[in-house]
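J.: One structure, pasted below without further comment.
The values are calculated or read from the model by the stated rules, or taken from the named source; none is laboratory data. Keep in mind that what you see is a predicted model, and the values were worked out from it rather than measured. For neighbour counting, all protein chains shown are included, and Cβ atoms are generated from backbone atoms with ideal geometry for every residue, glycine included. SASA here: full protein model, heavy atoms, side chains in, ligands and nucleic acids out. Shrake-Rupley method; radii C 1.70, N 1.55, O 1.52, S 1.80 Å.
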Amino acid sequence: MRVTKKLLPTPALVAAVVATAALALAGCAPQSAAPSGGGTADAGPAEITVGVITSETGPLAGYGKQYLDGFRAGLDYATDGTNEVDGTKITVEYRDDAGDPDTAVGAAKELIGAGVNILAGSASSGVAAAMAEQAGQNKVLFISGPAAADALTGINGYSFRSGRQSAQDVATAGTFLGDLEGKTVTVFAQNNAFGQGNEAAVKAILGAKGATVNSVLVAEDVTEFTPFAQQVLAGAPDLVFVAWAGATSGAMWQAMSQQGVLDAVPVVTGLGDAATFGAYGEASEKISFLNYYFPGAPDNDVNTAMIDAVEAAGGTPDLFTPDGFNAAIMLVHAISEGKGDVDAMVAALEGFEFDGPKGTLTVRASDHALIQDMYQVKLVAAGGGFVPELVDTVPADEVAPAEQ
């Protein structure tokens, strides 16, 4: 197995919080002390089935494809192309959740009822929350995917993540200012759950580091953004953090550019997948981007191996490809060390440090956050479009989320 791994001391497993009204399914959950598939306790079972539930259709199908491309490449990498670890064959059952929590739960129940005790996937945060609940109730291992909701960290003792979380995004935005003490940050966002959530995160994370945080929240039905851009300028912030989604993005960025906001103050937003690189128009080269991953950001052998494998299979490495690759490395390690016993697999992942496409990553033992580097990026014109260019790598410990 070609995984570079360094095991840190692992504390005792934290017991999962189980809902008082347990599902009837919990009664038929597989017992972690008796792995199925034959073999001996020391050698582990002859075969283990992993259930991968993610978006193959629906609004997040693109993210799901990136994850699956990475997962397949990662499983091949971590098992040297054998799909086996220490004599245990790894079989994967794939299910499409279509971005719907109920569909995902239905698939999880079916798999758990059939004896599966390792689940992975989830591009949607809503789906991931529902899957984590199933994991806690049924005492199965769950490794979430691109879903970024902070609430998943520490949600129970059986749930892990293979990607970053929103708190790491927000902390990365703050690094564009350096010392935040006495600085003013304006959150420019839509006045909906998404925008309000980002406003709360910036206040909690950057405010705790000394920044004064204010907001300009815009109703979702607004189509003329000039007065709001002027309102941002009037506040004379040291940094503007933009959290925006949807069809009005182009008009919003045009107004921010035309009103001089992008020339007067650093403006930071998250850089998404390759499909979004052309969405910023003339503003593209004036925006500072925080970023989780693009293929040219990390420079290491694991990233090269992932890119080569995905491209050889006809795919294109993108924003969430590492999430699938990381998940495969994590589950292969868990199976190797835990031999199919859920509690032993959980313990093996707590404190697990490994080399992934982004470099060294650590599963924090206390709450299962995945500690990792983040990036500062800019878009540059190339070939009639725009491509990302790395500005700086932000060390993992500088953007680690608060422990849960």
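J.: If ligands, DNA and RNA are left out, what is the accessible area of residue 79 with a 1.4 Å probe, given in Å² to the nearest 10?
T.: Number for this one is 10 Å².
J.: Shape verdict for segment 227-293, please, from the Cα gyration tensor: rounded (a/c under 1.5), prolate (a/b greater than b/c) or oblate. Could you put the intermediate results ahead of the total?
T.: Numbers: a/c = 1.95, a/b = 1.47, b/c = 1.33.
It comes out prolate by the Cα gyration axes.
J.: Viscosity 0.890 mPa s, temperature 25 °C: what is the translational diffusion coefficient of segment 284-404 from Stokes-Einstein with a Kirkwood Rh over Cα pairs, rounded to a whole number of µm²/s?
T.: Working: Rh = 15.9 Å.
Calculated translational D: 154 µm²/s.
J.: First check a/c for segment 144-215, with a ≥ b ≥ c the square roots of the eigenvalues of its C-alpha gyration tensor; if it is under 1.5, answer rounded, and if not, answer prolate when a/b is larger than b/c or oblate otherwise. The partial results should precede the final answer.
T.: Values: a/c = 2.49, a/b = 1.69, b/c = 1.47.
Cα axes put segment 144-215 in the prolate bin.
J.: At a 10 angstrom cut-off on C-beta neighbours, averaged per residue, how do the peptides 220-231, 130-141 rank from highest to lowest?
T.: Working: 220-231: 13.7, 130-141: 24.2.
Highest mean packing first, the order is 130-141, 220-231.
J.: Please give the length that would be gained between residue 391 and residue 282 if that part of the chain were fully extended, namely 0.36 nm times their separation in residues minus their C-alpha to C-alpha distance (nm, one decimal). Show your work: numbers first, answer last.
T.: Working: separation 109, 0.36 × 109 = 39.24 nm, distance 1.97 nm.
Extra length from residue 391 to residue 282 when fully extended: 37.3 nm.
J.: Rounded to the nearest 0.05, what FRET efficiency do residue 263 and residue 308 have when you use their Cβ-Cβ distance and R0 = 30 Å?
T.: Numbers: r = 41 Å, r/R0 = 1.37.
FRET efficiency, residue 263 to residue 308: 0.15.
J.: Can you give the relative contact order of the chain as a percent, counting alpha carbon pairs under 8 Å and 6+ residues apart?
T.: Once normalised by length, the contact order is 20 percent.
J.: Using alpha carbons only, how many angstrom separate the centre of segment 159-173 from the centre of segment 82-129?
T.: Using only Cα atoms, the two centres lie 22 Å from each other.
J.: Give me the number: length gained by fully extending residue 217 to residue 200, i.e. 0.36 nm times residue separation minus the C-alpha to C-alpha distance, one decimal in nm.
T.: Numbers: separation 17, 0.36 × 17 = 6.12 nm, distance 1.21 nm.
The residue 217-residue 200 span can extend by a further 4.9 nm.
J.: Right, here's the next one. Report the per residue volume, in Å³, of the convex hull enclosing the C-alpha atoms of segment 76-188. If you can, show how the numbers build up before the last one.
T.: Working: hull volume 18.1 nm³, N = 113.
So the per-residue Cα hull volume is 160 Å³.
J.: Related question: Arrange the peptides 379-387, 201-209 so that the one whose residues have, on average, the most other Cβ atoms within 10 Å appears first.
T.: Values: 379-387: 12.2, 201-209: 18.6.
Sorting 379-387, 201-209 by mean packing, highest first, produces 201-209, 379-387.
J.: Still on this structure, I have one more. Given springs between every Cα pair under 10 Å in a Gaussian network model of the chain, which of 68, 177, 361 has the largest fluctuation?
T.: Evaluated over the chain, the most mobile residue of the options is 177.
J.: Follow-up question, since we're still on this one. Would you calculate a helix-derived [θ] at 222 nm for the chain, using -39,500 (n - 2.57) for each DSSP H run of n ≥ 4 and dividing by the full residue count, to the nearest 500? Provide the component values of the computation, followed by the final result.
T.: Details: 11 runs with 128 residues, N = 404.
The per-residue figure over the chain is -10000 deg cm²/dmol.
J.: Also, I was wondering about something else. Which net charge results when you count Lys and Arg as +1 and Asp and Glu as -1 among the other residues whose beta-carbon is under 13 Å from that of residue 287? Let's see the in-between values first.
T.: On the way: positive: 286, 378; negative: 263, 282, 285, 389.
Net charge around residue 287: -2.
J.: Now for a different question. Could you give the length gained on full extension between residue 402 and residue 191, defined as 0.36 nm per residue of separation minus the Cα-Cα distance, in nm? Could you put the intermediate results ahead of the total?
T.: Numbers: separation 211, 0.36 × 211 = 75.96 nm, distance 2.60 nm.
Difference between extended and current length: 73.4 nm.
J.: Of 65/358; 183/358; 139/339; 139/203; 358/378, which pairs sit farther than 24 Å apart, going by alpha carbon to alpha carbon?
T.: Numbers: 65/358 19 Å; 183/358 31 Å; 139/339 16 Å; 139/203 35 Å; 358/378 18 Å.
Listed pairs above 24 Å: 183/358; 139/203.
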